């Protein structure tokens, strides 16, 4: 009896091992690009914070889009509080421990009870489902106190009236890249590292809002950035914008401004990139010359 059961058991075990070896890890339906990263700005594991704090979200390699917006390489933030990492293949829960920022917010004012708490950021797609692979931060622990201990005074403007910026802050284009061909109405997507985005008029340390320079040189860095067709302001805290460009070659650069549209110290601006606008957003088709070959009995055309 035992000998007759052994082949069946062996086949069952082999089948289970095979399935275990090829089964894909659970993940959502929306792909994320290689290198995408979400993180806390100005907050790290082990920090002590007051009961009421502003938490800033950072995102690298992807753009922010509100819930319900189906755009490639984009998503919106979710903050997980005192809860395990949510499943990667279903909608993120929506409750007091899973806060959704479906309007595209990049910060929130958070109130926590005194004591130890865990925080984690998870990016969700248009349907609040994590991407594939998931884009999530490390789960950090913070200590919350009623009253913060005495510390250094908050950052103040430098002698020239400019707000300080972290030395490793960086602003860059997610799309387009240098040398790209784009259509007449491209959506420009902005990236920011090691700082947070705050609307114009909100004077918070290590934050600013985007300005897009179009076919213009850097303006004076100790004065408010001009506001015209060559200097586009995004004072509502936008991280992308649809603009209209005439056909031809154009120069683009991002420049971060503070609450009063003045560049920081040191200034935070991107490399200048060049794009070419065509009607269909593709390189122009080049016709290759035709060469006529003469033979004794037949003439024919070939490309060279």
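The values are calculated or read from the model by the stated rules, or taken from the named source; none is laboratory data. Since this is a predicted model, take the numbers as computed values, not measurements. With ideal geometry, Cβ positions are generated from the backbone for all residues, glycine too; neighbour counts draw on all protein chains shown.
Computed values, structure above
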read-out	value
Hits in the range 262-304 - residues which are at pLDDT 80 or above and more than 22 Å from the chain's Cα centre (by Cα)	262, 265, 266, 276, 277, 278, 279, 280, 281, 282, 283, 284
Residue in the range 82-90 that is in a strand (DSSP E or B) and not assigned by TED's automatic domain parsing to the domain that holds residue 193 present	no
Residues of the range 164-184 satisfying the condition of being crowded, with 19+ Cβ neighbours inside 10 Å, closer than 15 Å to residue 241 by Cα and over 19 Å from the mean Cα position of the chain (by Cα)	182
Total residues in the range 106-115, condition free of Cβ contacts under 8 Å to residues at least 60 places away in the same chain and assigned to a loop (DSSP other than H, G, I, E, B)	0
Residue match in the range 72-93 (condition: surrounded by 15 or more Cβ atoms within 10 Å (Cβ to Cβ), modelled with pLDDT under 90 and within 21 Å of the chain's Cα centre (by Cα))	no
